[in-house]
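To start, the structure under review is shown below, and the notes come after it.
The values are calculated or read from the model by the stated rules, or taken from the named source; none is laboratory data. Note that the structure is predicted; figures quoted are calculated from it, not measured. Quick reminder, even Gly has a Cβ in these numbers, built from the backbone with ideal geometry, and neighbours come from all protein chains shown. Just so you know, the surface numbers come from the protein's heavy atoms only, side chains and all, with ligands and any DNA or RNA stripped out. Shrake-Rupley method; radii C 1.70, N 1.55, O 1.52, S 1.80 Å.
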Amino acid sequence: MTLQMSDIDPNRDRRPQIMEQAGGLLGNLIGRQQIWIMLAVISAYLFITEPTFRSIFNVCNILLDCSYIAFLAIGLTPLIISRNIDLAVGSILALSACLVVGLADTLGAMPAIAIALLAGMSVGLLNGLIVEILKLDSFIVTLAAMIGIRGLAFLFAGQDSLSTFNDSLMSLGLMSFGALSVIPIVVIVLAVTTQWALRRTVAGRNIHAIGGNRSAAVNAGIRIERYVIGAFIFSGLMASLAGVAMAANLSAANANFGQSYELWAIAAVVLGGTRLTGGSGSAINSFAAALMLSVLRNGMNLKHVESFYVLVTMGLALILALLIDKYLTYRRLKKSGG
Amino acid sequence: MTTTDRAMEPAQQVAPPRFLERKNWRAYTGQIGLLVPIVIFVIAVQAVAPQFLTISNILQVLRQAAAPGIIAIAVTYVVIAGRFDLSVGSILSLTSVLIVSYTNVYGPLTAVCIGLAAGVAVGVVNGFLVGYLNLNSVIGTLGTLSTVQGLTLIFTGGTNVAVKTVDAGGWFAFLGRGYIFGIPTPIIIFALITLVFEVLLKRTTFGRRLFAVGGNETASAFSGIRTGRVVFLTYVISGLMAACAAIIFSSRVMAAQNDGGSGYELTVLAGIILGGTSILGGSGSTIRSAVGVIILAFIQNGLLVAGLPYYAQWIVTWAVIILAVSADMIARRAGGAS
C-alpha cells in the first residue's frame, strides 16, 4: 500500500465513523452552502427568542449595517478567487468617503461621487500594475497600500470630520423604500450580478482558471495581467462605492473610516466558502457571510450583551466558522480519496 | 491533501518580466538597492533638522523601536514557518493592561509573571488552532485578535489603567527607563533577544525544522518532522515575546491603554517585509527583521523631525515597502544574493 498523506498527516481523522455516514448528501449540501445554513440557524434562533428582531425596522437596520462590509466582500471575491488579496480596501473606503464629502460642496454631488469612485479605481489599477508588472506579492503590495492610502486620506481630510450640506448627496444617501435604505438593495443587485459574471462570462471563468492553476491558465492563452488588474480595479471600485455610500448616508466622513474593515471583509469572503488559495468562490455567499456577521452583532445587541463581550463573541464565531469549514473540507476530501 | 497555509502565496513560477533579463548587475540591487535611498533620506533629513543624527535622538528612536522590534523577532519565526500572526498587537494590549493592573495589587514580580503567562496562553491557543487544527492563520489570528481585544476591554471595564504603587527606582521601572552604560535598557534587551533568537534560528535543530516546515511542509512531514508542533511553538514564542514587549512598554510609561498595541501587527509585518524575510516562508533572519523595524522607525522619526505632518510617515512607508520588495525581487530574479 502506498504511503498516503493521511498516514502521516497530523490531522488524521479520529472522529467516529457514524458522523461520516450521517453526513452523506446532507453533508455535501451543508458543505457547499454552509454559510446559508449558519445564517438560517442564527436568524431562526433570534426570530424565535427576540420579538424585536422580527420587526421590519430591525431587519432593514441589519441590512444597512452589513452593506459596507458586503460591498468590500463582493469586491474582494473575484480577486481572492484569482489567488490575490487586497488589504487596502478599508483605506480606499476612507479615502473615497472623505473625497466625496470634501468635494461635494464645491463641485456638486455627481462630480464628487465620480472623483471618489475614480480614486478607488485608480488605487486598484496601481495595485494591480505593481502586482502584475513588477511581479510582487499582492499581500505585501496591498499591505503597504493600506498604510499609504490611509495616509492620503488624512492628507486630504486632516484630523477632523468632514461634513457636507449638499442636498442631492444627502438625499441620495438617505433614499429609501419605506424603512429599507437603497444601499442594501444596491448591494444585493451587485452580489447577484457579480456572481453571474463570475459564473457565466468568459472573464469570470478566466478568473477561476487563473486562481485554480495559473500556469495552466497561461498555457491556455489567458492574458493573466488583464484579468488580475481588472479584478483589482473592481475591488477598488467596490471599496470606493462603500465609502461613497457610507459618506452619503451619514453626510459626513473622516479619515478613520473603515479601520479593520478589510479584515472583516476577508473573513466574510472566507466564511462564504471562498478559499484563500483561490480557484473557487461565490459573491453571493460572501454577501451572506457579511449579513450573518451583522445578524450576529445585532442579535447580541438585542440580548443586551455588553459591547466588550460582543467583540469576544465575534472573534470566537470567526474561529468556530473556520473550524466547521475545516472539518467539512476535510470530510469531503477524505471521501474523495484524500 | 495539502495542508500548507500559503494563503498569500503569489503566482506559481512565471518567467520574469522581459526587461529584467538583460544584465547581471541587477543582482546587486537587492543588497545596495535600498541603501542608496536610505542614505539620501538620512542626508536630506539631517540637512533640514540637524537634531536627527544626535546621540540622544538615535537612542530615543532605538528605544521606541525596541517593543515592536522584539515582537517582530518572534513573528519572524511565524512567518518563516509560512504563517501569520495578526493577534500580537492585542496580546500586547492585554498583557500590558494585566501587568499594570496587577502591579498595583500584587507587586511587579507577580504581575510580570501573570502577564507572561497570559501571553503564552494566547500563543498556545493560536498555536493549537493554526498548528494542530491547521486553520487559516490570517482568519484564525484575526479571531484571536478580536477575542483578546474584547477580553482586554472586559478586564479594564473600558478604562485605561496606571501604576500607582511602584516607586520610580524599582527593577520594574529599570526595565523601561533605566540605562546600562548610557544606553537605555530596552535597547540592550532588544539586542540580546535578537542575538539569542538568531542563534536559536540558525544553530539549533529547532531552527532547521522551522525552515524546513516553511520551505516545504509536505516534504518536512514526510521527513518525520512534527510540523504541527513546530508551528505551535512559533505561536507560543510569538505570544511570549509580545508579553515581553508589553513589560518594556508598560514599564516605560507606567500605564497601559486598552488599545495600546493596536496597529502593532502592521508595523511588525512591515518591518519584517522590509527586512527581506519572504512571506512565503522558508527563509528569513531575525537580525534582518530587527534591522527592518529599526529602518522603519528611523524613517518615521526622520519625517517627524523634518517637520512633515504625521500622515507623511504612512505615505513614505508605503513607498519604502514597495521599493524594498521590488529591489529584492529584481535581485532574486537576476539570480543574485538577496
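Things worth noting here:
- The range B:245-292 and the range B:209-227 have their alpha-carbon centroids 26 Å apart.
- Over chain B, relative contact order from alpha-carbon pairs under 8 Å, at least 6 apart, %: 35
- The dipole here belongs to the protein assembly as shown: it is taken about the Cα centre, uses +1 on the Cβ of Lys and Arg and -1 on the Cβ of Asp and Glu, and is about 1780 debye.
- Neighbourhood charge, 13 Å Cβ-Cβ cut-off, centred on B:VAL293 and excluding it, Lys, Arg +1 and Asp, Glu -1: +1
- For A:LEU129, the shell of other residues with beta-carbons less than 13 Å away shows a net charge of 0, using +1 for Lys and Arg and -1 for Asp and Glu.
- Principal-axis tilt of helix A:182-200 within chain A, Cα atoms, nearest 10 degrees: 50
- The helix-based estimate of mean residue ellipticity at 222 nm for chain B, built from -39,500 (n - 2.57) per DSSP H run of four or more residues and divided by its residue count, is -22500 deg cm²/dmol to the nearest 500.
- Stokes-Einstein translational diffusion, chain A - Kirkwood Rh over all Cα pairs, 1.306 mPa s, 10 °C, in µm²/s: 75
- Options B:LEU201, A:ALA248, A:GLY204, ranked by Cα towards positive dipole end of the protein assembly as shown, top entry (Cβ charges): B:LEU201
- Taking amide H atoms as placed 1.01 Å from N in the peptide plane, the amide H of B:ALA255 lies under 5 Å from those of B:VAL163, each 5 or more residues away in sequence or on another chain.
- Dipole magnitude for chain B: about 740 debye, using +1 per Lys or Arg Cβ and -1 per Asp or Glu Cβ, origin at the Cα centre.
- Compared with the alpha-carbon gap, the fully stretched path from B:LEU53 to B:PHE155 is longer by 32.5 nm at 0.36 nm per residue.
- Accessible area per residue was computed with a 1.4 Å probe on protein heavy atoms; A:LYS335 scores about 120 Å².
- Phi-based couplings in Hz for the range A:72-88 (Karplus 6.51, -1.76, 1.60; Gly and Pro marked x): 4, 5, 5, x, 6, 4, x, 5, 5, 4, 7, 6, 10, 8, 9, 8, 8
- Heavy-atom SASA rank of B:SER283, B:SER250 (probe 1.4 Å, accessible area, largest first): B:SER283, B:SER250
- Here the dipole of chain A is about 1240 debye; that uses its Cα centre as origin and unit charges on the Cβ of Lys and Arg (positive) and Asp and Glu (negative).
- Rounded to the nearest 100, the interface formed by chains A and B buries 5300 square angstrom of accessible surface, both chains summed, with a 1.4 Å probe.
- Fully extended contour minus Cα-Cα distance, from B:ALA306 to B:VAL36, at 0.36 nm per residue: 95.3 nm
- Accessible area per residue for the protein assembly as shown, computed on protein heavy atoms with a 1.4 Å probe, is 41 Å².
- Axis angle, to the nearest 10 degrees, between helix A:17-49 and the longest C-alpha principal axis of chain A: 30 degrees.
- Placing a pseudo-label 7 Å from each Cα along the Cα-to-Cβ vector at B:GLN46 and A:LYS335 gives an inter-label distance of 6.8 nm.
- Efficiency of FRET between A:ILE42 and A:ALA203 - r from beta-carbon atoms, R0 35 angstrom, step 0.05: 0.55
- Hz values of 3J(HN,Hα) by residue in the range B:230-246 - Karplus curve (6.51, -1.76, 1.60), Gly and Pro given as x: 4, 5, 4, 5, 4, 6, 5, 4, 4, x, 4, 5, 4, 5, 4, 4, 5
- Take A:ASP167: with every protein chain present and a 1.4 Å probe, its accessible area is about 110 Å².
- Charge dipole of the protein assembly as shown about the Cα centre (unit charges at C-beta), most positive-ward option of B:PHE172, B:VAL122, B:PHE232: B:PHE232
- Accessible area (Å², 1.4 Å probe, nearest 10) - B:THR234: 0
- Virtual spin-label span in nm between B:ALA255 and B:CYS113, 7 Å along Cα→Cβ: 2.9
- Ranking by accessible area, most exposed first, for A:HIS304, A:HIS208 with a 1.4 Å probe: A:HIS304, A:HIS208
- In sequence order, calculated HN-Hα J values of the range A:107-119 (Karplus, 6.51, -1.76, 1.60; Hz; x Gly/Pro): 10, x, 5, 4, x, 5, 4, 4, 4, 4, 5, 4, 4
- Sequence of A:ARG275, A:ARG223, B:ARG208, B:ARG333 when ordered by accessible area, the most exposed leading, probe 1.4 angstrom: B:ARG208, A:ARG223, B:ARG333, A:ARG275
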